[in-house]
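S.K.: Before I ask anything, let me first share the structure, which is written out below as structure tokens.
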Amino acid sequence: MSLSLEKLAFEHDHESQTDEEKYAEIAQVIESYKDKEGSLIMVLHAAQEIYGYLPPELQEFIARKMNIPVSEIHGVVSFYSFFSTQKKGKHTIRMCQGTACYVRGGQKVVDAIKRNLNVEVGCTTEDGQFTFEIVRCIGACGLAPAIMIDDDVYKQVTPAKLKGILSLYEDAEENIEGGADA
């Protein structure tokens, strides 16, 4: 009987699992895919879903279990932007800095996010609620400046609109220092 990737990756509440339990689940995923051609990306996706990110020690574990060089794992993880080697927040804010968003005030929104959440680009807030990333384009040029929080796109974002947007996300109010009017 074959285990499906979806079943393995989404079977548990991963936040309540110990690292040992997460590694055991990742080992199951590897076992079900290890002899299939081109399965590395599938395994890495599942491992990131289970563990939350792909730190060096997890990459080494996957390399050993799949009997491939850790340099190959690292090469794939560092090449694709959807893989992360750092722990992510509960919500991911992606600020578009493509031409349209930048020209229409995107940098002011970047500055407001940094100031109000006390977070730098590429980092996660101290409480683990938000990870803040810059992306080159989210395909919403007519809505510029635009941000994505998780899978939700927000159009014509200004520093003044930011507090209301962030308040839509659980625990966001605790993270905002005095509002986003800038």
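Every number here is computed from the coordinates shown, using simple stated rules; none is lab data. What you are looking at is a predicted structure, and each value in this text was computed from that prediction instead of being measured. With ideal geometry, Cβ positions are generated from the backbone for all residues, glycine too; neighbour counts draw on all protein chains shown.
S.K.: Place a +1 charge on the Cβ of each Lys and Arg in segment 5-79 and a -1 charge on the Cβ of each Asp and Glu, then give the dipole magnitude about the Cα centre in debye, rounded to the nearest 20.
M.R.: Using Cβ point charges on Lys, Arg, Asp and Glu, segment 5-79 gives about 300 debye.
S.K.: Mean residue ellipticity at 222 nm from the helices of the chain, using -39,500 (n - 2.57) per DSSP H segment of n ≥ 4 over the full residue count, to the nearest 500 deg cm²/dmol?
M.R.: -12000 deg cm²/dmol
S.K.: Let me ask something additional. Springs between alpha-carbon atoms under 10 Å, Gaussian network over the chain: tell me which of F132, F61, F79 tops the mean-square fluctuations.
M.R.: The residue with the greatest mean-square fluctuation here is F79.
S.K.: Would you list S167, S81, S39 from fewest to most Cβ contacts within 10 Å?
M.R.: Least to most surrounded, the residues fall as S81, S167, S39.
S.K.: Using just the Cα positions, wrap segment 91-175 in a convex hull and report its mean projected area in square nanometres, one decimal place.
M.R.: Its Cα hull, projected and averaged over all orientations, spans 4.6 nm².
S.K.: Which GluC sites (Glu not before Pro) from segment 108-166 combine a DSSP loop assignment with at most 16 other Cβ atoms within 10 Å?
M.R.: For GluC sites (Glu not before Pro) across segment 108-166 that sit outside H, G, I, E and B with at most 16 neighbouring Cβ atoms in 10 Å, the list reads E120, E126.
S.K.: Tell me, how many Å apart are the Cα centres for segment 123-172 and for segment 14-30?
M.R.: 30
S.K.: For segment 5-79, divide the Cα radius of gyration by the Kirkwood radius and give the resulting Rg/Rh value with two decimals.
M.R.: Rg/Rh: 0.93.
S.K.: Beyond a 24 Å Cα-Cα separation, which of these cross-linked pairs lie in this structure: K90/K161; K108/K155; K36/K90; K114/K161?
M.R.: K36/K90
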